[in-house]
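Written below as structure tokens is the structure these notes are about.
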Amino acid sequence: KKTQKIKIKKVTQKLIDRVARVFQLWVRLRDTDPNGYGFCSTCWIQVRYDKADGWHFMKRWHHNTLFNEQNVNIQCKSCNAPWGWSWEQFKMGLYIDNKYWAGTSEELVRKSNEVKKFEYDELLDIERDYKERIKNFKESI
């Protein structure tokens, strides 16, 4: 008698990146007006959502804050350079504290140090949720 093999879906970096693209599109849309324009969270120049980035205050390799909406905000491509912690990082912390509440950036730093291991279905749920939000947002404008 043959036993059936159960195929376990693995979480891969490719899947995480795919979900992150959807999430970042949502963030860029969230931070814009009905015409698709927002202001860079660090230099305040006006930028269109499809020409902007979703900038992570705590970098993407911190999985516990990867999909945290307070951690990611619209940013122009010039400011989203890969320099690591910098003046822009400090300004982003101030921006986050002003946008949400004082201490939010410190809370994100703390959360980012907690280990997070994604489950396959969890990532698919996140992707589904943000695709739905994007659809609803586009329909409302």
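The values are calculated or read from the model by the stated rules, or taken from the named source; none is laboratory data. Being a predicted model, the structure only gives us computed values, none of them experimental. Note that we place each Cβ from the backbone using ideal geometry, even for glycine, and neighbour counts take in every protein chain shown. Surface accessibility is based on the protein's heavy atoms, side chains included, excluding ligands, DNA and RNA. Shrake-Rupley method; radii C 1.70, N 1.55, O 1.52, S 1.80 Å.
When you have a sec, figure out the Kirkwood radius of region 44-129 from all distinct Cα pair distances and drop it here in Å to one decimal?
Evaluated over region 44-129, this radius sits at 13.9 Å.
Would you please put 24-32, 36-44 in order of how densely packed they are, using the mean number of other Cβ atoms within 10 angstrom per residue and starting with the highest?
Put in order of decreasing packing, that is 24-32, 36-44.
Cα axis of helix 87-99 to longest principal axis of the chain: angle in degrees, 0 to 90, nearest 10?
So the inclination is approximately 90 degrees.
Multiplying the sequence separation of Arg128 and Cys43 by 0.36 nm and subtracting their Cα-Cα distance, what value in nm do you get?
27.4 nm
Between Tyr130, Tyr100, Tyr49, which gets the highest mean-square fluctuation from a Gaussian network model of the chain, Cα cutoff 10 Å?
In this elastic network of the chain, the residue with the biggest mean-square fluctuation among Tyr130, Tyr100, Tyr49 is Tyr100.
Cα axis of helix 120-140 to longest principal axis of the chain: angle in degrees, 0 to 90, nearest 10?
Once rounded, the angle reads 50 degrees.
For labels at Ile141 and Lys111 in the simple 7 Å Cα→Cβ model, what's the distance in nm?
2.5 nm
Per residue, what accessible area does region 25-129 have, given a 1.4 Å probe and all protein chains present, in Å²?
On a per-residue basis, 55 Å².
Can you tell me the relative contact order of the chain? Whole percent, Cα pairs under 8 Å, sequence separation 6 or more.
28 percent
Pop out the carbon and sulfur fraction of the accessible area of the chain as a percent, whole number, probe 1.4 Å.
The nonpolar share, carbon plus sulfur, comes to 54 percent.
What does the accessible area of Asp17 come to, in Å² to the nearest 10, when a probe of 1.4 Å is used?
Asp17 exposes around 50 Å² with every protein chain in place.
Please report how far the C-alpha centroid of region 7-43 lies from that of region 91-105, rounded to the nearest whole angstrom.
20 Å
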